[in-house]
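Just below is one structure, and these are the notes that go with it.
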Amino acid sequence: MSRAHQPPLVTGISPNEGTSWTKVTIRGENLGTGPADLVGLSICGHNCLLTAEWMSASKIVCHVGPAKDDKGEIIVSTKSGGHGTSTVSFKLLKAEKIGILDQSAVWVDEMNYYDMRTDRNKGISPLSLRPSNPLGIDVDKGKVPLKDLEAIFPGVSGDFTSENFSATWYLIENHSVTSFDQLRMAASNLKKQATRKNEGSLAYVKGGLSTFFEAQDALAAIHQRLASDGTEKVEVSMTQRLENVLNRASDTADTLFQEVLGRKDKADSTRNALNVLQRFKFLFNLPLNIERNIHKGDYDVVINDYEKAKSLFGNTEVPVFKKVYAEVETRIGALRSLLLDKLLETPSTLHDQKRYIRYLSDLHAPGDPAWQCIYAQHKWILGLMQNCKEEFINDQRVGLGAIALDLEGDPRPSALSRIRDTASLKRGCSLRTPRPSTWRYEMPQQVQFVEKLSDVVIGQLPNFWKLWISYVNGSLFSETGEKSGQVEKSKKNARQRQNDFKKMIEEVTHRLVKLVRGALLPSTLTELELRLYGGWESKTELTGPWLTQVIHTVRIIFEALVALEIPNDLLQVIQDLLLELRHHCLLVTLHHTTEDVKRLAEKEDWVVDNEGITSLVKLYLLYFEQRLLIILSNCQYLEKHTFLNMAEHFEKHGFTGTDRITQVMKELDESLFDAYIERKSDPIVGSLEPGIYAGYFDWRDCSTPTGVRNYLKEALVNIITVHAEVFTVSKELVPRVLTRIIDGVAEEMSRLMQCVSSFSMNGAIQVHHAHTHFQMCLSLSLSLSLSLSLVK
């Protein structure tokens, strides 16, 4: 026997027990080839074919009828397989009789719910009850594109559940290659389904005929009695009595069922409320969820839930939804305020600032949170710088100890120390020698203040600058912000506020310079500026080594800001401060040296001792320790005054090899001289090109010159510094050293000018102006050096 003719076999039923009219799902094998093949279905001996719905060869859905047996098999009969068998059974439960006023637990049919938008009950048929194949034959989809169908049948659909259902579309889409016999079978199946529906409606009518006939018989008996009395009075009396009876029956029924009907109305209201809560529990639970997630710090979750609620209920007109959504908006408003407070808190990291700005942007916070953060950070940095000065001024004695202990007790290196260490590694040397733990207590307060101020600037200004750069390029915002146009809006705001931010940077750099001037160069400030940035009680002037330390610290600040690619015009005030500090340091050093020489000159004679070294050499060895220059000076002295005399005496007495002594002495002199020139000349020559093109200077597009540029001033100051250093050791070395250094500077400037392709009129005037002043200054310097070297 082939598989198509095997008898049906039921292997499962769900549920396996229940009362009459319980909906069950029957599963098994060979349950028919289609709705037309199903000819019989019985459960517990009751015929259930009328309510059966064939789904597939392994599934049938039906309702259990009022069977007589409590437990029985499920038997399926088909045309193709005949009478089937069952391996499972169904238990029929007897329904408990309940009085009209007794409460009972019932299954709530949630298919009907109250629609608050239309103020009426609305029924929904679940998708599971909609037949997936209404024709009852195999679906054979063709290859007709959906776009072609939409073009052929505009305004209709092939979905049989749609109001605009088109049978032609459905047949072309699902049965374009189905045979005619199969389509005939599908038409037969549709007729059977229609017949079943009509028979079901007729059955309900037949079931109510008995009640209708009883009522008709009662009315006929009353009419017959009235007719037999023959008097109008009796007819009126009987009619009145009947009316009274009916009214009393109606009142009694209302009394009996009033409580029941009230409970039913209440249950319906509760059911509708639960249904609404179940369907819209996301919205009703959102305020509480927002509070919980804010407490946990899950701001991303809050933002996602808010965006979802806003898209679903932002424009709702339902009163209860509007009320709940208003509460959600209240919570979100509180979250905006909380995030803004956290954003404006100081100190804070750059990562946290970007995160809070992104959150506020996604929450559509009013204003511009990014600019508010930049403004708050600017004010905070200025306050830190001013408080740093006040910390030293208020109580200098206590402040010194407190600051020293704080810096010594913190194991983390300061920003200034980290930059110094990085610079040391890059240069392959140490910028400063190790100092004992008591060194900071010996440091003057002004020097401590400058170092503390440098920590504030180097530690805070880079993050401030990076926050602005992120604001300019739009990297503060998430993908949501990019899609909503927040990035373009940010770039537009940044372009409008570019001048305001430039003023902020200028204010920070000017505040830094004025605070340093107030501590070290108070004479360069006005009276009003002195009241704001001065106030130092110490009258002791710093010595050269401490001023050198301050210059080095300010130089580190300048290099750190240059590394951020801050425009050079904003840092010009710091360059001017460095030049003035160097000039001040040079004057102080020369003044102190002169005083020391005068004081020692009164105690010692300027004569050569037994070792052939003057007391002046001892003085320089003691105070300056400029070993290379001193050794070069001593070599020159020994060559002229000692070795030449020795060579003459050797030749007089017939000794040979004196030429070798002279040659070695000259080689040593040249080696020492070249090493010193390399140390002094290379930094001056190397600073020319960066100084010329600082601030993106262009010879072809420059303004009218108003004076000598800073690079030339710096070169002259450095040459004068070398002159002073050499002059204090040996006057005779001054022309020799300056000539080599000036030659190197001249060659470098000539090379740089030759590399320029073209000059504008202002550029040519600038070059001529610079070279003229440079030549005049150097000529005067060389003339003075030669004159001084001849004076003995």
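Go through (1) under 19 Å from the mean Cα position of the chain (by Cα); (2) at pLDDT 85 or above for GLY474 and report which single condition fails.
Unmet condition: (2).
Pairs under 9 Å by beta carbon, first residue open to solvent by 50 Å² or more (accessible area, probe 1.4 Å) in segment 275-300, partner part of a helix (DSSP H, G or I) and of a type in the set (Phe, Trp, Tyr), six or more apart or different chains?
LEU277/PHE284; PHE280/PHE313; PHE280/PHE321; ASN289/PHE282; ASP300/TYR359
At pLDDT below 85, out of contact with any His (no Cβ under 6 Å at 6 or more places or on another chain), assigned to a helix (DSSP H, G or I) and over 30 Å from TRP465 (Cβ atoms): is that true of VAL324 in this structure?
It is false that VAL324 is at pLDDT below 85, out of contact with any His (no Cβ under 6 Å at 6 or more places or on another chain), assigned to a helix (DSSP H, G or I) and over 30 Å from TRP465 (Cβ atoms).
Return the total of residues in segment 34-76 being open to solvent by 10 Å² or more (accessible area, probe 1.4 Å), of a type outside the set (Val, Ile, Thr) and under 60 Å from the mean Cα position of the chain (by Cα).
So the answer is 8.
Hey, ALA376 hits all of (1) surrounded by 14 or more Cβ atoms within 10 Å (Cβ to Cβ); (2) farther than 30 Å from VAL450 by Cα; (3) in contact (Cβ under 8 Å) with a residue 24 or more places away in the chain but one; which does it fall short on?
(2)
Given the criteria at pLDDT below 75 and either under 60 Å from the mean Cα position of the chain (by Cα) or closer than 30 Å to ASP37 by Cβ (or both), does ARG196 qualify?
Numbers: at pLDDT below 75: yes; either under 60 Å from the mean Cα position of the chain (by Cα) or closer than 30 Å to ASP37 by Cβ (or both): yes.
Criteria met by ARG196.
Can we say GLY32 is more than 26 Å from LEU183 (Cβ to Cβ) and small (Gly, Ala, Ser)?
Numbers: more than 26 Å from LEU183 (Cβ to Cβ): no; small (Gly, Ala, Ser): yes.
The answer is no for GLY32.
Among the residues in segment 265-273, are any on the phi < 0 side of the Ramachandran plot and at pLDDT below 65? Write out each step before concluding.
Residues of segment 265-273 on the phi < 0 side of the Ramachandran plot: 265-273.
Add one more test, that the residue is at pLDDT below 65, and what stays is none.
No, segment 265-273 contains no residue that is on the phi < 0 side of the Ramachandran plot and at pLDDT below 65.
Run down LYS389, LYS354 and say which single residue is of a type in the set (Lys, Arg), assigned to a helix (DSSP H, G or I) and closer than 15 Å to ASN463 by Cβ. Outline the logic, then answer.
Numbers: LYS389 fails: closer than 15 Å to ASN463 by Cβ.
Among LYS389, LYS354, only LYS354 is of a type in the set (Lys, Arg), assigned to a helix (DSSP H, G or I) and closer than 15 Å to ASN463 by Cβ.
Of all residues in segment 690-739, how many are assigned to a helix (DSSP H, G or I) and of a type in the set (D, E, K, R)?
Restricting attention to segment 690-739, the residues satisfying the condition of being assigned to a helix (DSSP H, G or I) are 690-692, 710-729, 733-739.
Now restrict to residues that are of a type in the set (D, E, K, R): 713-714, 725, 736.
So the count comes out to 4.
Quick one: which of VAL607, VAL617 is at pLDDT below 75, open to solvent by less than 40 Å² (accessible area, probe 1.4 Å) and more than 20 Å from ILE741 (Cα to Cα)? Let's see the steps before the verdict.
Working: VAL607 fails: open to solvent by less than 40 Å² (accessible area, probe 1.4 Å).
Just one listed residue meets the conditions, VAL617.
Before we move on, is GLU243 of a type in the set (D, E, K, R), surrounded by fewer than 10 Cβ atoms within 10 Å (Cβ to Cβ) and at pLDDT below 75?
Numbers: of a type in the set (D, E, K, R): yes; surrounded by fewer than 10 Cβ atoms within 10 Å (Cβ to Cβ): no; at pLDDT below 75: yes.
In short, no.
Residues in segment 773-783: is at least one surrounded by fewer than 16 Cβ atoms within 10 Å (Cβ to Cβ), hydrophobic (A, V, I, L, M, F, W, C), assigned to a helix (DSSP H, G or I) and modelled with pLDDT of 80 or more?
No - not one qualifying residue is present in segment 773-783.
Which condition breaks for ALA309 when tested against (1) in contact (Cβ under 8 Å) with a residue 60 or more places away in the chain; (2) open to solvent by less than 50 Å² (accessible area, probe 1.4 Å); (3) closer than 25 Å to VAL487 by Cα?
(1)
Looking at segment 248-272 only, could you name the residues that are hydrophobic (A, V, I, L, M, F, W, C) and over 60 Å from the mean Cα position of the chain (by Cα)? First the steps, then the outcome.
If we filter segment 248-272 for residues that are hydrophobic (A, V, I, L, M, F, W, C), which is where we start, we get 249, 253, 256-257, 260-261, 267.
Result: ALA249, ALA253, LEU256, PHE257, VAL260.
Of everything in segment 250-274, what is among the polar types (S, T, N, Q) and free of Cβ contacts under 8 Å to residues at least 40 places away in the same chain? Give them in sequence order. Reasoning before the result, please.
Of segment 250-274, the ones among the polar types (S, T, N, Q) are 250, 252, 255, 258, 269-270, 272.
Scanning segment 250-274 gives SER250, THR252, THR255, GLN258, SER269, THR270.
For the list (1) under 30 Å from PHE727 (Cα atoms); (2) open to solvent by 20 Å² or more (accessible area, probe 1.4 Å); (3) in contact (Cβ under 8 Å) with a residue 60 or more places away in the chain; (4) of a type outside the set (A, V, I, L, M), I need the number of the one condition that PRO567 fails.
The single condition PRO567 does not satisfy is (1).
If we scan segment 13-31, do we find a residue that is open to solvent by 60 Å² or more (accessible area, probe 1.4 Å), touching a Phe, Trp or Tyr at 6+ places or on another chain (Cβ under 8 Å) and part of a loop (DSSP other than H, G, I, E, B)? So that I can check it myself, show each step before the final result.
Within segment 13-31, the subset open to solvent by 60 Å² or more (accessible area, probe 1.4 Å) is 14, 16-17, 21, 23, 27, 29.
This time we only want the ones that are touching a Phe, Trp or Tyr at 6+ places or on another chain (Cβ under 8 Å), so: 16-17.
Those left that are additionally part of a loop (DSSP other than H, G, I, E, B): 16.
Yes, segment 13-31 contains at least one residue that is open to solvent by 60 Å² or more (accessible area, probe 1.4 Å), touching a Phe, Trp or Tyr at 6+ places or on another chain (Cβ under 8 Å) and part of a loop (DSSP other than H, G, I, E, B).
Give just the number: which of (1) touching a Ser or Thr at 6+ places or on another chain (Cβ under 7 Å); (2) open to solvent by 10 Å² or more (accessible area, probe 1.4 Å) does VAL10 not satisfy?
Just one mismatch for VAL10, condition (2).
When you look at ASN275, is it touching a strand residue (DSSP E or B) at 6+ places or on another chain (Cβ under 8 Å) and either of a type outside the set (D, E, K, R) or closer than 30 Å to LEU384 by Cα (or both), yes or no?
Values: touching a strand residue (DSSP E or B) at 6+ places or on another chain (Cβ under 8 Å): yes; either of a type outside the set (D, E, K, R) or closer than 30 Å to LEU384 by Cα (or both): yes.
Against the criterion (touching a strand residue (DSSP E or B) at 6+ places or on another chain (Cβ under 8 Å) and either of a type outside the set (D, E, K, R) or closer than 30 Å to LEU384 by Cα (or both)), ASN275 qualifies.
Among the residues of segment 341-364, is there at least one that is of a type in the set (Ser, Thr, Tyr), farther than 29 Å from GLY474 by Cβ and in contact (Cβ under 8 Å) with a residue 40 or more places away in the chain? Steps first, answer last, please.
Taking segment 341-364 and keeping what is of a type in the set (Ser, Thr, Tyr), we get 346, 348-349, 356, 359, 361.
Pick out the ones that are also farther than 29 Å from GLY474 by Cβ and you get none.
Scanning segment 341-364, I find no residue that is of a type in the set (Ser, Thr, Tyr), farther than 29 Å from GLY474 by Cβ and in contact (Cβ under 8 Å) with a residue 40 or more places away in the chain, so the answer is no.
The values are calculated or read from the model by the stated rules, or taken from the named source; none is laboratory data. Predicted model, so just to flag it, every value in this text is computed and none were measured. Cβ atoms come from the backbone with ideal geometry, glycine included; neighbour counts cover every protein chain shown. For the accessible areas, the whole protein counts, side chains as well, though only heavy atoms, and no ligand, DNA or RNA atoms are used. Shrake-Rupley method; radii C 1.70, N 1.55, O 1.52, S 1.80 Å.
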